Amino acid sequence: MKPSVRSLTAGLHFHGEVHGKRQHYYVLSSARQYFVMSASLSKRDAGYFNLVSRSAVDKLYRRLRGQQGLTAKIVFTRSRTRRLVPSRLTALNMLYVLVATDRASIDRRHTSREIFFNVKA
């Protein structure tokens with residue numbers, strides 16, 4: 001089933017804003033999925049959005065609950081099924097959703113290029 005833009009944006013609920021290293025992400029949700037949106041830094045009046053399944057985020061949260069110092073790379077390599085986490089970008093977006101829904105936080109102590117996340121128990 002190919003989704004239409006009208007069905008994707010109908011009745012969205014705003015969860016919060018997440019500040020990454022260089023970008024700000026806005027997390028919204030519908031009944032079945034989360035939308036991770038960001039504005040383009042180079043193009044005016046443009047932006048990007050990624051879709052993440054609600055059930056996949058819930059499964060990932062149950063699996064990672066209470067863990068500290070996670071990166072998108074670690075989440076991607078540790079995932080057992082590629083259907084749940086098909087890429088590093090998807091893993092990063094899922095972690096951003098967990099931060100916006102207050103189930104995780106970004107660990108600001110690290111100054112490396114990667115973003116480290118602490119998932120709440």
TODO: Please report, in debye to the nearest 20, how large the charge dipole of the chain is about its Cα centre when each Lys and Arg carries +1 at its beta carbon and each Asp and Glu carries -1 there.
DONE: 480
TODO: Rounded to the nearest 0.05, what FRET efficiency do Leu51 and Ala121 give with R0 = 22 Å and r taken as the Cβ-Cβ distance? Could you check?
DONE: 0.20
Task: Read-out semi-axes √(5λ) of the Cα gyration tensor in Å, derived from the coordinates shown; its label in (i) 23, 18, 13; (ii) 28, 13, 12; (iii) 22, 14, 13 - done: (i)
Open item on the list: Between Arg113 and Ala31, what is 0.36 nm times their sequence separation minus the Cα-Cα distance? Round to one decimal in nm.
Closed with: 26.1 nm
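Which order do Thr111, Thr101 fall in if you start with the one that has the fewest other Cβ atoms within 10 Å?
In order of increasing Cβ crowding within 10 Å: Thr111, Thr101.
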Open item on the list: As an exercise, identify the trypsin sites (Lys or Arg not before Pro) in the range 59-121 lying in DSSP coil whose Cβ has no more than 10 other Cβ atoms within 10 Å.
Closed with: Arg80, Arg82, Arg83, Arg108, Arg109, Arg113
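Every number in this text was worked out from the coordinates using simple rules, so none of it is lab data. Given the structure is predicted, the values throughout are model-derived calculations rather than measurements. Neighbour counts run over all protein chains shown; Cβ positions are idealised from the backbone, glycine included.
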